[in-house]
Structure formats: structure tokens, C-alpha cells
1. Sort out for me the helices (runs of 4 or more DSSP H) sitting completely within region 10-114 that have 1 or more residues that are buried (at least 21 other Cβ atoms within 10 Å of the Cβ), touching a residue at least 60 places away in the same chain (Cβ under 8 Å) and in contact with a helix residue (DSSP H, G or I) (Cβ under 9 Å, 6 or more places away or on another chain).
2. Against the definition (exposed (fewer than 14 other Cβ atoms within 10 Å of the Cβ) and under 22 Å from residue 70 (Cα atoms)), how does residue 241 come out, yes or no?
3. I need the full set of residues from region 121-152 which are modelled with pLDDT of 95 or more, assigned to a loop (DSSP other than H, G, I, E, B) and surrounded by 15 or more Cβ atoms within 10 Å (Cβ to Cβ), in order please.
4. Sort out which residues of region 256-289 are without any contact (Cβ under 8 Å) to a residue 12 or more places away in the chain and in contact with a strand residue (DSSP E or B) (Cβ under 6 Å, 6 or more places away or on another chain), and write them in order of number.
5. Could you please tell me which pairs satisfy a Cβ distance under 6 Å, a separation of 6+ or placement on different chains, a first residue in region 152-168 that is over 19 Å from residue 199 (Cβ atoms), and a second residue that is surrounded by 13 or more Cβ atoms within 10 Å (Cβ to Cβ) and modelled with pLDDT of 85 or more?
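The values are calculated or read from the model by the stated rules, or taken from the named source; none is laboratory data. Please read all numbers here as calculations on a predicted model, not as lab measurements. So basically every Cβ, Gly included, is an ideal-geometry build from the backbone, and we count neighbours across all protein chains shown.
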């Protein structure tokens, strides 16, 4: 992320409204310090969780600057999950969402990260949170069938399956499997899917899982990236509707769901909820969590 775009993101982040100057100071402190003394930093995060921060990992450093990089979706996990739940993280990267769900909230987890170098960093983050017994981590991708697909490997949070007409350097072959086959009889409560446009194939391989009555929420990235594979993301919305899900926006300060006009977000993740009554009960009764100067 270019520095001016990063500055705007940090300054306007909801958790930095009352501490903009401090947040920008922390940004430059990290940018300068990580160059002068390169290496890993173990960042104490939320509810005793920890995450390893390395220079260049945009998705992780956003948590360092702002508390929660993707504020609404990450806060939703913190408010809706409990230790009895199973959380599934598809496209886990180095594990930010898995750490929130399984270390900060105590849920069980499955996480999938196809790029081997990133998967090693994911395992490191699970290890520092003592999550090896609560989380099953798999170095594979997900699709609608078994096989192998070609992935980019040097694009950090935007690594993706190489499209048919796409030219990319540093690609790797990775095993892919359907989610239904991997989970077998496991029944998740919440799934996060962030696969840079390949969501259509992932949900086609997860028909049984998506139909499970235990599943009340799906956080899915729908930002138009599916076009690289010829996928129409409006059809994903229709599929989710047919399974009883509706699109919502979440306000962490008020702990309120509101129906999303247009059926999906067109700038990032979309939250799909199938049982808003159950979710609202959880949102009402989950203990508050301290995030910087806020208690949410």
C-alpha cells in the first residue's frame, strides 16, 4: 500500500478517531524502526493473543497501526464467536482472523493457506498463541474439485490463482480440494472466505457446509476480482440468498446489524448472516473487549 494511501487509512480508521497523531507516530516509528533494525516483532494483541509482525506484511501491520485492520469484520468475529464454535478461515494468509477467532475468542478452527512460505508464517503465529491443539492448518487451496492449480507466491495478501490468460512470475503449483471433503462432518459457525476472486469455485465445493444449520455467518470478499476467472459475483449473492443468507453491515460500536443496500459490499468483504436472531442474541451478551481506548 503506497505511503499516502496508508496514511489516509490510518488517520481515518474508526479506532484512531481520538488518537490520530499517536497512530501516525506509530506508523512512522514502525516504518523507520523496521528498516533500521529488520526482523520480527511479537505484537501483543487482543485478549492475550499475539501476532508476529514483519516489515512488508500489509495485512498484519494494519493491526499494529489500528488495532483491527478490517475493523467491522474483525470486530464481528470478536463479538459473535464463543469457545464452542468452529471457525473456518479460507485464505488465511499469516492468520490474523484465525488468531482473533481462536486465540482472542477461544473458538476451534480450520485454516487454509496455499502458499508454502506464507503457510510457514501462519504456523509461527499459531505456535506463539499455543493454538496447535485448537486449529487445524492446511497448506492447500480450495476449489470445487480435487487437483492442482497455479498460484502467485510473492504478492503478500493478494496472492491468487493464476487466471487462464494471466501472465505472472514466481508461480507455484498447489493442491486444491473441496471444503466439504476436508471438513467431512465438521459443522462451522462462521466462515471467512478471502481468495482474491476465486470465491465462486470455493462455494461450489462447499455446498454441504454452507447448508449446515450450524453456520450462521459468512464473511466473504466480493470486490470484483472474480472477473479474472470469468465469474459473476452477483451469482454468489443469489446463491447465498437461496441458502437463506442476507447481506448485512455491522457497526461494532453499537453492536448492530443493518441490511446492506444492493445486497453486497463492492469495496471489500460482505457479511452474510442466515440467523440474525441468534446473532443478535450473541452480540447482546458477549462481554466487551478493549481495543485501544475503546471498549466494544
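1. Correct list: 71-80, 96-99.
2. Criteria not met by residue 241.
3. Residues satisfying the conditions are 129, 131, 134, 139, 140, 143, 144.
4. 258, 288
5. Final answer for the pair search is 153/115; 153/172; 168/152; 168/162.
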